[in-house]
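Read the structure below first, then the notes.
The values are calculated or read from the model by the stated rules, or taken from the named source; none is laboratory data. If you're wondering where the values come from, they're calculated on a predicted model, not measured in any experiment. Backbone-built Cβ (ideal geometry, glycine too); neighbour counts: all protein chains shown. With ligands, DNA and RNA removed, areas are computed over all heavy atoms of the protein, side chains included. Shrake-Rupley method; radii C 1.70, N 1.55, O 1.52, S 1.80 Å.
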Amino acid sequence: MDMETTANGLQIGDVAPNFQARSTQGDISLSDFRGKWLVLLSHPADFTPVCTSEFVALAKAKERFEAMDCALVAVSVDSLYAHFGWISAIRQGLGVAINFPIVEDPSLVIGRAYGMISDRSQDASAMRSSYYIDPHGIVRAITTYPATIGRSVDEMLRIVAALQRVDKGGAVTPEGWQPGDPVLLPPPLDAHAASGQENDPLWFYKFKGSSE
Ligand code: BEZ
């Protein structure tokens, strides 16, 4: 596995570090996904209950991500051998094919570059993090959950949809926004925007109507 950068403590707005690595669907590079959205998700360990529940839900939702031109790639420190054993167990036991690649990162190179491994952790397992990467390879959102709490696939879909809506321009998305809901006007860049608005206490809070 080769890395192009070794930046750590990745933040929103950074270029997502490229990597080439082995996965359950063959060798992949992050750059293979340029031109489409990608959710790169780390998980603490194969053969664990929370991760299994997430992967089953993600596999079932893959078409909903694809409808937004968004791919899924998972990564953990487990070996490719372990990944294959785990997805085979899931297929046999739950009848679900894990239909997105799971990358092996036994040397922790990807985990360290993305900040998936906590400096304070007792072991080298990755945190339950998700990196939302846009078609230009820029990290647009990051979430991190503890190993004991599973992510919400509906929320992951909502984040991709909201990022795509914001990229259309002219709007920001309110709390709990879902595709089709009204959006908000962005905060004004002009520091004098409030002047002349004395009769409107909510001059800073305007819905724009349907998001479509
Ligand atoms: C889990 O996926 O169930 C899990 C993984 C690591 C620690 C605790 C739970």
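Being surrounded by fewer than 18 Cβ atoms within 10 Å (Cβ to Cβ) and near the ligand (Cβ under 6 Å from one of its atoms) is the filter here, so list the residues in segment 32-53 that pass it.
First pass over segment 32-53, keeping only residues surrounded by fewer than 18 Cβ atoms within 10 Å (Cβ to Cβ): 32, 34-36, 45, 47-49, 53.
45, 48, 49 - these are the residues of segment 32-53 that are surrounded by fewer than 18 Cβ atoms within 10 Å (Cβ to Cβ) and near the ligand (Cβ under 6 Å from one of its atoms).
Name the one entry in 176, 180, 169 that is touching an Asp or Glu at 6+ places or on another chain (Cβ under 8 Å), at pLDDT 90 or above and assigned to a loop (DSSP other than H, G, I, E, B). Don't jump to the end; show me each part of the working.
Values: 176 fails: touching an Asp or Glu at 6+ places or on another chain (Cβ under 8 Å); 169 fails: touching an Asp or Glu at 6+ places or on another chain (Cβ under 8 Å).
Just a single option satisfies the conditions, and that option is 180.
Against the conditions (1) away from the ligand (no atom under 16 Å from the Cβ); (2) within 16 Å of the chain's Cα centre (by Cα); (3) not in a helix (DSSP H, G or I), where does residue 64 fall short? Just the number, please.
(3)
Name the pairs whose Cβ atoms lie under 9 Å apart, with the first residue in segment 77-93 and at negative phi, the second among the basic types (Lys, Arg) and not in a loop (DSSP other than H, G, I, E, B), and 6 or more positions between them or separate chains?
Listed pairs, sorted by first residue: 80/22.
Select from segment 146-184 the residues that are among the charged types (D, E, K, R) and exposed (fewer than 14 other Cβ atoms within 10 Å of the Cβ) and list them in ascending order. It would help to see each step written out before you state the result.
Of all residues in segment 146-184, those among the charged types (D, E, K, R) come to 151, 154-155, 158, 165, 167-168, 175, 181.
Once the filter is applied, which keeps residues that are among the charged types (D, E, K, R) and exposed (fewer than 14 other Cβ atoms within 10 Å of the Cβ), segment 146-184 yields 154, 155, 167, 168, 175.
Filter segment 110-141 for residues that are open to solvent by 50 Å² or more (accessible area, probe 1.4 Å) and more than 16 Å from the ligand (Cβ to nearest atom); which is nearest to residue 161 (Cα to Cα)?
Just the residues of segment 110-141 that are open to solvent by 50 Å² or more (accessible area, probe 1.4 Å), to begin with: 112, 119-120, 122-123, 127, 136, 140.
Pick out the ones that are also more than 16 Å from the ligand (Cβ to nearest atom) and you get 112, 119, 136, 140.
Numbers: 112: 28, 119: 32, 136: 16, 140: 12 Å.
For segment 110-141, the residue satisfying everything is 140.
Cβ-Cβ below 7 Å, separation at least six or inter-chain, first residue in segment 166-182 and touching a residue at least 40 places away in the same chain (Cβ under 8 Å), second outside any loop (DSSP other than H, G, I, E, B) and surrounded by 14 or more Cβ atoms within 10 Å (Cβ to Cβ): which pairs?
Final answer for the pair search is 171/165; 171/183; 171/184.
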